[in-house]
4 protein chains.
Amino acid sequence: MASDAKPSDIQAVVALVESAGGEAFVSRGISRVIIGLVGDVEQFARLNIRGMRGVRDVTRISAGYKLVSREHHPARSAVRVGGVPIGPDTVTLIAGPCAVETPDQTLAAARMAQRAGAVLLRGGAFKPRTSPYAFQGLGERGLRILADVRAETGLPFVTEVLDADQVDMVAQYADMLQVGARNMQNFALLQALGAVGKPVLLKRGLSATIEEWLMAAEYIAQRGNLDVVLCERGIRTFETATRNTLDISAVPVAQSLSHLPVIVDPSHSGGRRDLVLPLSRAAVVAGADGLVVDVHPEPSVALCDGPQALIADDLAVLARDLRDLTGFMGRQLPEPATVPVG
Amino acid sequence: MASDAKPSDIQAVVALVESAGGEAFVSRGISRVIIGLVGDVEQFARLNIRGMRGVRDVTRISAGYKLVSREHHPARSAVRVGGVPIGPDTVTLIAGPCAVETPDQTLAAARMAQRAGAVLLRGGAFKPRTSPYAFQGLGERGLRILADVRAETGLPFVTEVLDADQVDMVAQYADMLQVGARNMQNFALLQALGAVGKPVLLKRGLSATIEEWLMAAEYIAQRGNLDVVLCERGIRTFETATRNTLDISAVPVAQSLSHLPVIVDPSHSGGRRDLVLPLSRAAVVAGADGLVVDVHPEPSVALCDGPQALIADDLAVLARDLRDLTGFMGRQLPEPATVPVG
Amino acid sequence: MASDAKPSDIQAVVALVESAGGEAFVSRGISRVIIGLVGDVEQFARLNIRGMRGVRDVTRISAGYKLVSREHHPARSAVRVGGVPIGPDTVTLIAGPCAVETPDQTLAAARMAQRAGAVLLRGGAFKPRTSPYAFQGLGERGLRILADVRAETGLPFVTEVLDADQVDMVAQYADMLQVGARNMQNFALLQALGAVGKPVLLKRGLSATIEEWLMAAEYIAQRGNLDVVLCERGIRTFETATRNTLDISAVPVAQSLSHLPVIVDPSHSGGRRDLVLPLSRAAVVAGADGLVVDVHPEPSVALCDGPQALIADDLAVLARDLRDLTGFMGRQLPEPATVPVG
Amino acid sequence: MASDAKPSDIQAVVALVESAGGEAFVSRGISRVIIGLVGDVEQFARLNIRGMRGVRDVTRISAGYKLVSREHHPARSAVRVGGVPIGPDTVTLIAGPCAVETPDQTLAAARMAQRAGAVLLRGGAFKPRTSPYAFQGLGERGLRILADVRAETGLPFVTEVLDADQVDMVAQYADMLQVGARNMQNFALLQALGAVGKPVLLKRGLSATIEEWLMAAEYIAQRGNLDVVLCERGIRTFETATRNTLDISAVPVAQSLSHLPVIVDPSHSGGRRDLVLPLSRAAVVAGADGLVVDVHPEPSVALCDGPQALIADDLAVLARDLRDLTGFMGRQLPEPATVPVG
């Protein structure tokens, strides 16, 4: 309350909170009174207490998410994708081309991914592009290519879905559905994914707080799908030397607030091939449950994000670093999928 | 090129650019060589020139948008919504409740809006909410309420659409469709709006650059709808005293780059009722083509964003300021719609 | 407190706070306990309550500034610079060259400033430059030029001081001392300015919150100098179309928290000449108590920030806009200094 | 150049650049002309080419630093502090209390630091505090305590210097002088450090780009002191769960641009004790040449930044992780100083 709040102002706040089914606790000091509220926070938000006479400020303490919160579910969760775990006991490498271009390029990239130790394949068939004049992906044809490559290599795959409408179709092909950073608050899409029965990879929005990211996961969980993996992929800052700024702290912070697995995308975070290995190592020892990395057999002709894709020379280094640091963290590299996938 | 680039490195870049149908111009200085490229920029982006030997950096000069650019369309455009213009000769006030709650509340808010000088009504039937536990709007029932209030008051209305799937349905009711900040890069939605035949109000994303905002508008334009109005509504920064930071410079900057009208939302920018009037005045004299303002007959019980809604006492001041500053800018307040709307 | 906090945890917090001379008020709800603290906040900050068992989070409510706060000094203050007021009843234009280069250039710029309606001259003799290879200013010779131009034109002047050591020397010449954005938290400099007996123009840091800005002003006030004018000059964001992002909301927000005058620098905010007029108009109607604007007789040869300087053609427009909008705001343009200055 | 630039406009730019001693290379495309400039970039910046007729935009390619650049000095440098190296072959741990409070607390913290493997001591005698009501440090008395603890433990020490005036005095006691984030662009201080003859630890500013950080280092180098160590300590973003956002990518990026050593401060980056270990590990494998970590024998009574200080239990884990990951990176932990220090 403001320093000049009257007793009647205080009484009015208490009465309003109680009329809304909440409890209000008044703390009186020498120069200031603080009122603590307990009850349905959303309900309180609607009361516009901040606008009442004598009120100086309103500060929200509790969280806007429950199902994904660690408060009610202290043990960290693992999510299985086509039989492959992503969770606290493993470090799972997901790799593949940013965009599916041709069957040959996709198969070659999948073989590269396997050489680097990947047990899951990534690849985009529907590409969200900032400019309408950029390559938009092959669409369903790309999904069929990914399914063929899965049959050939045994790698389950994750691919992006752009719109609520597409969810069922994409889910018929994919082992895991990805929500891109620009769609993190596309609530229609999140709700559709709550009903889909396949795990979801939820990328953090470019300027989303960790709390907002967890509330986006809650949208999916609330509709019945708790198989959500969070993916930190860099946030937008004033720095221009990198495409985005990898928020490495987001890994331990999100894991302390939520039981969901948290992985890192070092390729989109930095946007530069020379940063992928250092950021991958940093992610693993910060506690990430996995990595998602761009690889391309020939980055110089890639239709999307070539400058950040690893090439063949980098793969052995990544595989070795991953093996050593996974061991250092007391975790294991997951076994490849052995059951029939799809 | 790097200072140690070899002639063969330079030749390789030139050859690659030319093979892609572009032109490469080599500028040689004492310690450095610069190569200028002219041609299809998207094509160049795929070449991964940055990864070539001897290349130090690649800087993009030209824009990823054309139809909305002022370069090819120097005169600023006006968009008509239910007969009401938004453009360079007028300052158009759009006002209404953040969320449609009941017929009475909506009608009362519309009457308030008219007292403040509004010629268009705003109101949300589908509400994008960060937390899944917050009020999500009345849906199609809300649209019917808005249509009834339009019939009663003569105010054409703008309302938000959340998903590509909803576009046709919402367009049957609304005079203008709004894309919210969180959906600015929901490309499926943007493309659906390109085919809808109603004007679009495109809010700037929370961390979108002005260039990305214009590329989002280009998505709509490219599918055939040039009736797009840009709305600056505050960006995300480190400052916590305001909900967002109104980027007032975005008004003249966007107008210098694009022929589309640019309006300002002072309510969401600041998130505080006490800032709405100063920010509204600032927007008008910075050259904004209109304002969109939250009003609510009883903000203390509003289901959404009560703290930022204007109340009855503010309206006369807003109306007077708007009239005076519109005159100062050599513009006019638009006439209310007189033709049957809908 | 965390949901699993024990009564002994709560008791420990209360005991610690009381041992530090504070008061602790316990609010018990169904699932959560909140403890409100009243007393010396800095003292509390040292207690590390956040690290105690059972504590979930600690939120600070009260401010780290007092003397500049409006809470204890509700009326807004005016500061006089060489007889010219900057405060709530006036809109004071300060103009001049970014850097003092020659006597002729400085006098010409001062005459330009007067034509635009300026009653105070600005000009840099000591220039803080990001690169050590940029022009660093004329030093004390520049101060003498400014003093000569003051004698010639009657314009009191404000100039930047870079280091605590320089304060007394600069104060012998200048009517007002400026703290640049990069020095906003140079605490040795702020303390030296507290004892100087001349008014201070305190620019907001590039990424300073409004609260930090007010705490910087408090440093000066605490050492005995309450004649501080706050200057908003744009903050750092991800946007690259402008040099900085003018935080126009900072004007009414800072004025609501502090009794000190608040002015705006539209030249450094945008960094572009074409934005100076729109941002100047916006600042005045948002409630700014003044403007500080770059002018240069020949920007194309300016040694500093030429691209943002107004030229002769702009001055009449600025003078007219300023006169009209000052009247609109119910304020006056201040009279030029008539008393001998210096 | 703009698409409607005339040949005379192009000629005017070329003539101006040449008159300033530079070279201008004209690249002509179908719809656009690009002019590349080679010469003294600062000189070009003064020409205000952007304001000339027909010019669309000016983009700067080359860097504002030379002595610290890797372009002219490809091998990475090591800096020796009291005999202890910080450079590419080692991972150097610097630890100690945020603020020197008493001889006992400082000695206890130094012993803790040694148990964690530290070979250099850190401790603040002069504290830059955002609020003037916070503890400001013991001043020269604190320096004497640090010198006594050095004599007792053999640990050379680094301590912050706030003002150009203090540099010589602090250098009489300290082995390395620290520039805090808020002073990164206090150019008077940087210049004074250029002449001091002791190594400098330069923290990155809260919103400084990597390029600005390197230009600040250049200020010191230009005055004759090349013994500069860069320290990444978190940047300011919109995220509020952490005090700052550790920009882990800044380590490899700064190392690719500059030959100077780069270390990381995981304590101030996160501002939370629970993040210090994960961020320390991440820093080492991202390639950091060292760490600077807060430790305190009793954080709950620390006068400064208690919530982020490591306690005794954490030390063994830090020592083990550091040893293992230093080995993994093919580096060594440096030997403690054996020569008489001071």
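What are the pairs with Cβ atoms under 6 angstrom where one residue, in the stretch A:160-181, is farther than 18 Å from residue A:203 by Cα and at pLDDT 95 or above and the other, located anywhere, is surrounded by fewer than 21 Cβ atoms within 10 Å (Cβ to Cβ) and hydroxyl-bearing (Ser, Thr, Tyr)? Sequence gap at least six, or different chains.
Going by the 6 Å Cβ cut-off, there are no qualifying pairs.
Kindly establish whether residue B:71 is farther than 20 Å from residue B:177 by Cα and among the acidic types (Asp, Glu).
On the way: farther than 20 Å from residue B:177 by Cα: yes; among the acidic types (Asp, Glu): yes.
So residue B:71 fits the description; yes.
From C:68, C:81, C:58, which residue is among the hydrophobic types (A, V, I, L, M, F, W, C), within 13 Å of another protein chain (Cβ to nearest Cβ) and over 22 Å from residue C:253 (Cβ atoms)?
Values: C:68 fails: over 22 Å from residue C:253 (Cβ atoms); C:81 fails: within 13 Å of another protein chain (Cβ to nearest Cβ).
The match here is C:58.
Count, please, the residues in the stretch D:144-165 that happen to be within 14 Å of chain C (Cβ to nearest Cβ) and either surrounded by fewer than 21 Cβ atoms within 10 Å (Cβ to Cβ) or closer than 12 Å to residue D:120 by Cβ (or both). Walk me through how you get there before you give the answer.
In the first step, residues of the stretch D:144-165 are kept if they are within 14 Å of chain C (Cβ to nearest Cβ); the result is D:160-165.
If we keep only those that are either surrounded by fewer than 21 Cβ atoms within 10 Å (Cβ to Cβ) or closer than 12 Å to residue D:120 by Cβ (or both) as well, we get D:165.
Total satisfying the criteria: 1.
Name the single residue, out of those in the stretch C:55-68 being modelled with pLDDT of 75 or more and over 15 Å from residue D:307 (Cα atoms), that is surrounded by the fewest Cβ atoms within 10 Å (Cβ to Cβ).
Once the filter is applied, the top-ranked residue is C:66.
State which residue is farthest from residue B:234 (Cα to Cα) when the search covers only the stretch C:193-214 and only residues that are surrounded by 24 or more Cβ atoms within 10 Å (Cβ to Cβ) and at the interface with chain D (Cβ under 9 Å from one of its Cβ atoms).
C:205
Restricted to the stretch D:110-141, and to residues that are farther than 30 Å from residue C:217 by Cβ and in a helix (DSSP H, G or I), which residue is nearest to the other protein chains (Cβ to nearest Cβ)?
Filtering first and then ranking leaves D:112.
Please tell me if residue D:138 is within 28 Å of residue C:185 (Cα to Cα), without any contact (Cβ under 8 Å) to a residue 60 or more places away in the chain and out of contact with any helix residue (DSSP H, G or I) (no Cβ under 6 Å at 6 or more places or on another chain).
Working: within 28 Å of residue C:185 (Cα to Cα): yes; without any contact (Cβ under 8 Å) to a residue 60 or more places away in the chain: yes; out of contact with any helix residue (DSSP H, G or I) (no Cβ under 6 Å at 6 or more places or on another chain): yes.
Yes.
Checking residue C:93 against (1) more than 30 Å from residue C:325 (Cα to Cα); (2) in contact with a Gly (Cβ under 9 Å, 6 or more places away or on another chain): exactly one of these is not met. Which one?
Every condition holds for residue C:93 apart from (1).
Looking only at the stretch B:281-312, which residues are of a type in the set (Val, Ile, Thr), surrounded by fewer than 22 Cβ atoms within 10 Å (Cβ to Cβ) and in contact with a strand residue (DSSP E or B) (Cβ under 9 Å, 6 or more places away or on another chain)?
Residue satisfying the conditions is B:311 alone.
Give D:325, D:315 a once-over and let me know the one that is surrounded by 19 or more Cβ atoms within 10 Å (Cβ to Cβ), farther than 18 Å from residue D:96 by Cβ and not β-branched (Val, Ile, Thr).
Matching residue, one of D:325, D:315: D:325.
Among the residues of the stretch A:307-314, is any assigned to a helix (DSSP H, G or I), in the same structural domain as residue A:249 (by TED's automatic domain parsing), touching a residue at least 40 places away in the same chain (Cβ under 8 Å) and more than 15 Å from residue A:118 (Cα to Cα)?
yes
Does the stretch D:281-300 contain any residue that is more than 9 Å from every other protein chain (Cβ to nearest Cβ), part of a helix (DSSP H, G or I) and touching a Cys at 6+ places or on another chain (Cβ under 9 Å)?
Checked the stretch D:281-300: no residue is more than 9 Å from every other protein chain (Cβ to nearest Cβ), part of a helix (DSSP H, G or I) and touching a Cys at 6+ places or on another chain (Cβ under 9 Å).
Taking the condition part of a loop (DSSP other than H, G, I, E, B) and buried (at least 19 other Cβ atoms within 10 Å of the Cβ), does residue B:71 pass?
Considered against the rule, which asks whether it is part of a loop (DSSP other than H, G, I, E, B) and buried (at least 19 other Cβ atoms within 10 Å of the Cβ), residue B:71 comes out as no.
Tally the residues that are touching a residue at least 60 places away in the same chain (Cβ under 8 Å) and over 15 Å from residue C:92 (Cβ atoms), restricting the search to the stretch C:282-305.
Within the stretch C:282-305, residues that are touching a residue at least 60 places away in the same chain (Cβ under 8 Å) and over 15 Å from residue C:92 (Cβ atoms) number 9.
Of everything in the stretch B:219-232 that's of a type outside the set (A, V, I, L, M) and surrounded by fewer than 24 Cβ atoms within 10 Å (Cβ to Cβ), which residue is farthest from the other protein chains (Cβ to nearest Cβ)?
B:227
Restricting to the stretch B:248-262, count the residues that are surrounded by fewer than 23 Cβ atoms within 10 Å (Cβ to Cβ) and either in contact with a Phe, Trp or Tyr (Cβ under 6 Å, 6 or more places away or on another chain) or more than 10 Å from chain C (Cβ to nearest Cβ) (or both).
1
Can you confirm whether the stretch B:319-330 contains a residue that is of a type in the set (Asp, Glu) and either assigned by TED's automatic domain parsing to the domain that holds residue B:95 or assigned to a helix (DSSP H, G or I) (or both)?
Yes: one or more hits.
What number of residues within the stretch D:74-95 are part of a strand (DSSP E or B) and of a type outside the set (S, T, N, Q)? Break it down into steps so the answer makes sense when it comes.
From the stretch D:74-95, those part of a strand (DSSP E or B) are D:79-81, D:84-86, D:90, D:92-95; that's our starting set.
Checking the rest, the ones that are also of a type outside the set (S, T, N, Q) come to D:79-81, D:84-86, D:93-95.
Residues in the stretch D:74-95 being part of a strand (DSSP E or B) and of a type outside the set (S, T, N, Q): 9 in total.
Looking at the stretch B:261-278 only, could you name the residues that are touching an Asp or Glu at 6+ places or on another chain (Cβ under 9 Å) and either assigned to a loop (DSSP other than H, G, I, E, B) or not assigned by TED's automatic domain parsing to the domain that holds residue B:291 (or both)?
B:261, B:265, B:271
Would you check which residues across the stretch B:1-44 are part of a helix (DSSP H, G or I) and at pLDDT below 70 and list them?
Once the filter is applied, which keeps residues that are part of a helix (DSSP H, G or I) and at pLDDT below 70, the stretch B:1-44 yields B:41, B:42.
Test residue B:107 against the stated conditions and say whether it is within 14 Å of chain A (Cβ to nearest Cβ) and surrounded by fewer than 22 Cβ atoms within 10 Å (Cβ to Cβ). Working first, answer last.
Details: within 14 Å of chain A (Cβ to nearest Cβ): no; surrounded by fewer than 22 Cβ atoms within 10 Å (Cβ to Cβ): yes.
Judged against the criteria, residue B:107 is not a match.
Quickly run through the stretch C:167-177 and pick out the residues that are surrounded by 24 or more Cβ atoms within 10 Å (Cβ to Cβ) and not aliphatic (A, V, I, L, M).
C:175 - this is the single residue of the stretch C:167-177 that is surrounded by 24 or more Cβ atoms within 10 Å (Cβ to Cβ) and not aliphatic (A, V, I, L, M).
The values are calculated or read from the model by the stated rules, or taken from the named source; none is laboratory data. In this text the structure is predicted, and so the values were computed from the model without any measurement. Neighbour counts are summed over all protein chains in view; Cβ atoms, including those assigned to glycine, are modelled from backbone coordinates with ideal geometry.
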